[in-house]
Amino acid sequence: MIKGIKRIPLPLGDRLHDQPDHELVGVIKMPETTVSPLRAIVKRVIGAGLALLATVLIVYLDRDGYRDANGDGLTFLDAVYYATVSLSTTGYGDIAPATPSARFINVVIITPLRVLFLIVLVGTTLEVLTERSRQAFKIQKWRHKVRDHVVVVGFGTKGRAVVKTLLGDENIEPSQIVVVDTDQLALDAAGVLGLVTVHGSATRSDVLRVAGVQRARAVVVAANRDDSAVLVTLTARELAPKAHIVASVREAENVHLLKQSGANQVVISSETAGRLLGMATSTPLVVDMVEDLLTPESGLAIAERPVEPSEEGGSPRHLPDIVLGLVRDGQLYRVDAPEADAIEPGDRLLYVRKVTPAEQSS
């Protein structure tokens, strides 16, 4: 059983939703396709190396036009030394161009190489700053525009399955899904899918506010612990009274707590899996059929559709589709219920849909 859950108020300065957008960089991460940091650094190092090598060759080939402090001429090592201190703008002055041709080459070739060298090296730092500014701008734009999205709390096994279903069977755009988790590796995996991610505990109201839960159409609570699921559901319901909240729970005895906390639907993960495992020992083909219905990539799937005008007034049991239930005014009636004897305008049907090969490949 879940024992008393206390909500600890946060100091005013700790409330994330009160922070300016640039302070949320790292908490909210917007999806984008960029070159990997390692590859970007390697490219810059190669560019800087080529600029240095070109300068060394230019100085060495024109070594007679340079004078060093010792007066014994320039070796290849001296050319490397001069190129290094020149491109880094250190310039000790112990080696300097003496002839007009050497000075001309310094002006028209080595100076641009020096600028290029500095741009390449400083560019990495500038890109980090630019990326932070870009993320802050995208966060600001997203927070002002996000509406009717789905917030998924927890990106473990259950959360990943939820997102897979939303992206595949429900055809929801990745930008309309926000994942909240405390595991940065899980958030990175969600970011690869193009999802918006929020780093933090969803038991905190300010974290859910940052995820825009108050404007979300649905919240999926896929926490690993039942007590966390209860607190997340309670907090989400307080912030979003009209959102559809679906929660997963491990123990059946905690279902009523989730319902009292504001969950519209509760899925018992452990008992559902246990029933399927038990059925598999005696009726494995039944389990195969259930898996087929629950897996959108397979040949059959459970779907929902509006009734056609030609179907109104008739019985759902006489339709070509295999109808499992009827939804009327938000209430579900099984196909054998008296309320489902006749189809009324505005009803929706839950039926078994055949997935075509084209849909499986898309």
- Among the residues listed as Leu285, Leu300, the single one being more than 20 Å from Ala340 (Cβ to Cβ) and over 36 Å from the mean Cα position of the chain (by Cα): Leu285
- Task: Any chance you could count how many residues in the range 213-225 are closer than 11 Å to Val178 by Cα and surrounded by fewer than 23 Cβ atoms within 10 Å (Cβ to Cβ)?
- Result: 1
- Out of curiosity, is Val352 surrounded by 11 or more Cβ atoms within 10 Å (Cβ to Cβ), on the phi < 0 side of the Ramachandran plot and in contact with a Lys or Arg (Cβ under 8 Å, 6 or more places away or on another chain)? no
- Failed item, numbered, when Ser248 is tested on (1) over 20 Å from Asp148 (Cβ atoms); (2) under 20 Å from the mean Cα position of the chain (by Cα); (3) surrounded by 22 or more Cβ atoms within 10 Å (Cβ to Cβ): (2)
- Taking the range 150-188 as the region of interest, how many residues are among the acidic types (Asp, Glu), modelled with pLDDT of 85 or more and surrounded by 16 or more Cβ atoms within 10 Å (Cβ to Cβ)? 1
- Query: In the list Gly330, Gly299, which residue meets the criterion of being closer than 28 Å to Thr165 by Cβ and in contact (Cβ under 8 Å) with a residue 40 or more places away in the chain?
  - Reply: Gly299
- Could you list all residues from the range 299-315 that are surrounded by fewer than 15 Cβ atoms within 10 Å (Cβ to Cβ) and modelled with pLDDT under 85? Gly299
- Message: Looking at the range 266-279 only, could you name the residues that are under 25 Å from Asn224 (Cβ atoms) and modelled with pLDDT of 80 or more?
- Response: Val266, Val267, Ile268, Leu277, Gly278
- Item | Filtered residue count, the range 189-199, keeping only those that are buried (at least 19 other Cβ atoms within 10 Å of the Cβ) and not in a helix (DSSP H, G or I) | 5
- Query: Name the residues in the range 316-362 that are at pLDDT 85 or above and touching an Asp or Glu at 6+ places or on another chain (Cβ under 6 Å), would you?
  - Reply: Leu326, Arg328, Tyr333, Ile343, Pro345, Arg348, Leu350, Tyr351
- Message: Which of the numbered conditions does Arg132 fail, given that it passes all the others? Conditions: (1) in a helix (DSSP H, G or I); (2) surrounded by fewer than 19 Cβ atoms within 10 Å (Cβ to Cβ); (3) modelled with pLDDT of 85 or more.
- Response: (3)
- Show the residue pairs that are 6+ apart or on different chains and have beta-carbon atoms under 6 Å apart, the first residue being within the range 253-270 and surrounded by 16 or more Cβ atoms within 10 Å (Cβ to Cβ), the second being among the charged types (D, E, K, R) and assigned to a helix (DSSP H, G or I). Asn254/Asp226; Gly262/Arg237
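The values are calculated or read from the model by the stated rules, or taken from the named source; none is laboratory data. Note that the coordinates shown come from a computational prediction; the quantities given were computed from them, not determined experimentally. With ideal geometry, Cβ positions are generated from the backbone for all residues, glycine too; neighbour counts draw on all protein chains shown.
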